[in-house]
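Heads up: the structure comes next, in structure tokens.
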Amino acid sequence: MEIDRERQIRERAYQIWEREGRSGNADDQWFEAEREINSHNPPPSTSSPDNLTATLASEDMQNGERTRRAKSDHKDESASPT
């Protein structure tokens, strides 16, 4: 499937090159083609469902820890005499 995507990108980059008068920066044309192809047909995720679940759980735990710290800092500030 990756070979098909590369072929699509190559063909689109060629079309962009022709549209630009057969000149321009080949890398820029390739990246533009890649963005266009990926926006219409995103590449498959390399994450397995288990990895995704673990990543989301880890992010939730990190967010929870940040919230606890922020609340703790707020309590410390409110307890300090001004």
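Inspect region 56-78 for any residue being surrounded by 12 or more Cβ atoms within 10 Å (Cβ to Cβ), modelled with pLDDT of 55 or more and under 20 Å from the mean Cα position of the chain (by Cα) and give the result as yes or no.
no
Return yes when Arg12 is touching an Asp or Glu at 6+ places or on another chain (Cβ under 8 Å) and modelled with pLDDT of 55 or more and no when it is not.
Considered against the rule, which asks whether it is touching an Asp or Glu at 6+ places or on another chain (Cβ under 8 Å) and modelled with pLDDT of 55 or more, Arg12 comes out as yes.
The values are calculated or read from the model by the stated rules, or taken from the named source; none is laboratory data. As the structure is a prediction and not an experimental result, all values here were calculated from the model. All Cβ positions, even for glycine, are placed from backbone atoms using ideal geometry, and neighbour counts span all protein chains on display.
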